[in-house]
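For reference, the structure is listed below as structure tokens.
The values are calculated or read from the model by the stated rules, or taken from the named source; none is laboratory data. In this text the structure is predicted, and so the values were computed from the model without any measurement. In this analysis, Cβ positions are derived from the backbone assuming ideal geometry, glycine residues included, and neighbour counts consider all displayed protein chains. For accessibility, only protein heavy atoms count, side chains too; no ligands or nucleic acids. Shrake-Rupley method; radii C 1.70, N 1.55, O 1.52, S 1.80 Å.
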Amino acid sequence: MSPVAVGPALSFFRDPSNAINVSMILLSLWALTVYAVVMITFAGSAGRVLGRLERRFLSEVPETSRASSRPWPIFVSRHLVAARAAAALQRRMLAVVWVCAALATAGDVFLAVSLFSLTRNIGAVPFAMFSLLLAACLPLLATLRLARWLWRGRASLEWQIALLGERLMRDTKASNQQSIAAQRSADVESVLVRRFRSSKLARQPVAEHRVWLVRLQPAINDRAAMVVQDHGLSFDWHVWSTRWLDLVASAFTTATHGRMPPDSDTLLVPDHRTTEQIGLRIANWSVLGLGVLGMTLLLLADHPVDLQSLWSGWDTATGRVATLVTAAGGVVALISVGRSGSR
């Protein structure tokens, strides 16, 4: 590359306003992509009905599910095909979001490197830059959370259980380990228990939740007995999973008879949070907190950057339009999710 070309390139790299432009435009692109995916997911498809795009991914029902008279195969034959179709469309659309999240991360790293090149306070540099690089992972972590939240918002309970139960059967057949059966069945139980929970901190079931918990008691008791006892290496966990999923499927069809329990003390209510969900939430808050702290330290450090000119550097028509559309799209997306069909 000629020296004539190198000069403008270095000038562009060292100008913090250019770094702000690159970072914010890529973040806006990622946010707009998230908005588009959310709107496409909830447009024309609600509850247990497939949308026009989702119907393109329909497949055949497994023959073993059609021929069986057990509760779980019957449940699979009714819901697994639709669940696979909805999940396949979401995977295709989220691939675009992942690409935009990677670009936004690259833009954040570019901003961090640009600010680092202008920083004089050596004592504040290491932690501040380390925190900024962690903050650059936020689009990727947020996309991971979006994938899980979007599926829970779009898919009915039956679809979620069908896919999770299929994974339980597949994993226990591939690896006959008690830890695998316990982990995969915990994912299924987590979705089941969360059905009527009115809030994240609610422990007292409402009336509908109490009826549902009565139906789930056989499956909850069976899994609790499995977890607390070591069954040895000779136990067939694929067979156990088959029997346990029959109990799960029966909860969707078995009517509750007799007097209902007067309170929740007589019902087993397992914690619906899995280790994976807790770890992901901790990672999000940790990265966000470190990123804010690192940005604060960097801005308070002794460096020659004029903050007013730095932030006013991103003052273009493109930036204003992107910010307005992104903010409006986010509000509309949240309203769309809130008004979507029953889950």
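In this rough spin-label picture, where each label sits 7 Å from Cα along the Cβ direction, the T296-I180 distance is 4.7 nm. Taking every protein chain into account, the 1.4 Å probe leaves T242 with about 30 Å² of accessible area, to the nearest ten. For the pair V49 and R78, label points projected 7 Å from Cα toward Cβ lie 1.9 nm apart.
Full extension of the chain between M39 and R281 yields a length gain of 84.7 nm, computed as 0.36 nm times the residue separation minus the alpha carbon distance. A crude spin-label estimate for the pair K173 and V239, with each label 7 Å from Cα along the Cβ direction, gives 1.7 nm.
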